[in-house]
Amino acid sequence: MTLQKKDAVEVFAAGEKGRGLRTTKEMQAGEVVFTEASFAAVVFDSLYLQVCHNCFRRQANPHRCAQCKFAYYCDRTCQRAAWDEHKLECAAIRQQGRAPSENVRLAARTLWRMQRHTSKVSDGQLTTLDLLEDHISDMAPEDLKELQVDVQKFLEYWPRKSKQFGVEYISHIFGVIKCNGFTVSDQKGLQAVGVGIFPNLCLVNHDCWPNCTVILNHGNQTALDAALHSQRRIELRALGNIAEGEELTVSYVDFLNVSKDRQQLLKQQYYFHCKCEHCSKGIKDDLMMAVKEKDGKKPSAELVKEVTDFSVQKLAKIEEARTAGNFHEVIKICHECLEKQEPVLADTHLYLLRVLRIASEVLSYLQIFQEAAEYARRMMEGYRKLYHPNNAQLGMATMRAGVIHWHAGLIEAGHGMICKAYAILMITHGPHHPMTKDLEVMRQLNSLFWHVWAPRVKLHELQLSP
């Protein structure tokens, strides 16, 4: 049954998954299926001093709201653009004397928006917040307790002059936020900096091997007149060719977990049991837990268990050292772990890949680029065997590996990785995203070096050879 249409998509009854979205025409890889401005969004509590509360860009010296002294902006232009959203929040923060948690702020912004526009703000919105699932009846006791605390904090924060809502409805909004809140990234797409509600996106169901991906477009905030600013919005982009009438899906979790672990994560966070093909058939689970073979023989089950248990313990130690900023200790533990893993675990084993990723990142931070590049190269070999070829995570990892190789002086290998990353991000992010633009500049610089300077370097090497 078709419920409502928007551009190239329509809502339909998706069986036990509830409602879903499907295409009304064929889509090509990299095509934008639809865009959607946030219904409401807030910056994370931990980053409120560093990120613009309007456009969610990171700023070194942001401009602070002089009234509430909590909200920060790129400049006065961004502040003016945000005033319609912020003015009621600003008064509430001043009244309470401090800002509440991000969940409470997001619920309040959501309800203030509904107060102005009801729960449907445009004809392009395919559903209302009232119709979105809150899964309160499915929540574990500890989750319900957290929700009740949030509701109480909200009631303390919510101004008496604003429209009053019942506890049941406020609880519904918090349930919607918990199950449907979408992480908002910074302008480069490298770090999560906030959370928002996008009603149409909430209708897109999960698949561990999806046909779409979601990126945030921060809009154009450069015009002096705030009225000319374009809104921050998500873009749902096709990862490959999609047939007319095919359901649109995105992945709610990272694919690099075995099926049972992904299913557990999805059950805990989103309250459903994933029955997608990759989970039902355990596709790629064997690669993620693969061991090395020597002369056609696999290591004993006892040895594999010993190494995997050792890996779990060391990964926990690595995280402790990393959190404490003890990066040399991180590298020491990574070396110990790799020494134990390498004779036993295959190059696609998740525990080996996690150690390689951390080692390459930390060594790069310490500017030990040659060793970092080797670990990044091995990590990428594993990633390419596991991820969807157009996965955004694969594209970002390939970009980082390329940059590490470039810093290590491995220009040819780095250039190849940058080009591969660019091809992926052209599909997942599009040509106008800041990250894609940065990659294009890097690609051109690498090409210039390779065609102009590299031949001279090689000639010099030949002249110095004995």
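The values are calculated or read from the model by the stated rules, or taken from the named source; none is laboratory data. Predicted model, so just to flag it, every value in this text is computed and none were measured. All Cβ positions, even for glycine, are placed from backbone atoms using ideal geometry, and neighbour counts span all protein chains on display. Accessible surface areas use protein heavy atoms only, side chains included; no ligands, DNA or RNA. Shrake-Rupley method; radii C 1.70, N 1.55, O 1.52, S 1.80 Å.
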Would you check if Leu111 is of a type in the set (A, V, I, L, M, F, W, C) and within 14 Å of Ile197 (Cβ to Cβ)?
yes
Unique residue being within 25 Å of Cys52 (Cβ to Cβ), among the charged types (D, E, K, R) and either open to solvent by 50 Å² or more (accessible area, probe 1.4 Å) or not in a helix (DSSP H, G or I) (or both) when the list is Arg109, Arg116, Arg105:
Arg116
Being modelled with pLDDT under 95, polar (S, T, N, Q) and open to solvent by 100 Å² or more (accessible area, probe 1.4 Å), is that true of even one residue in the range 418-440?
no
Being within 30 Å of Arg57 (Cα to Cα) and in contact with a strand residue (DSSP E or B) (Cβ under 7 Å, 6 or more places away or on another chain) narrows it down to one of Ala346, Ala392, Ala372, Ala397, so name that one.
Ala392
Residues (surrounded by 14 or more Cβ atoms within 10 Å (Cβ to Cβ) and closer than 17 Å to Arg237 by Cβ) located in the range 152-187:
Phe182, Val184, Ser185
Within the range 208-244, count every residue that is surrounded by fewer than 20 Cβ atoms within 10 Å (Cβ to Cβ), of a type outside the set (A, V, I, L, M, F, W, C) and modelled with pLDDT of 95 or more.
3
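When you look at Ala13, is it farther than 30 Å from Leu248 by Cβ, of a type in the set (Gly, Ala, Ser) and either surrounded by fewer than 15 Cβ atoms within 10 Å (Cβ to Cβ) or touching a Ser or Thr at 6+ places or on another chain (Cβ under 6 Å) (or both), yes or no?
Considered against the rule, which asks whether it is farther than 30 Å from Leu248 by Cβ, of a type in the set (Gly, Ala, Ser) and either surrounded by fewer than 15 Cβ atoms within 10 Å (Cβ to Cβ) or touching a Ser or Thr at 6+ places or on another chain (Cβ under 6 Å) (or both), Ala13 comes out as no.
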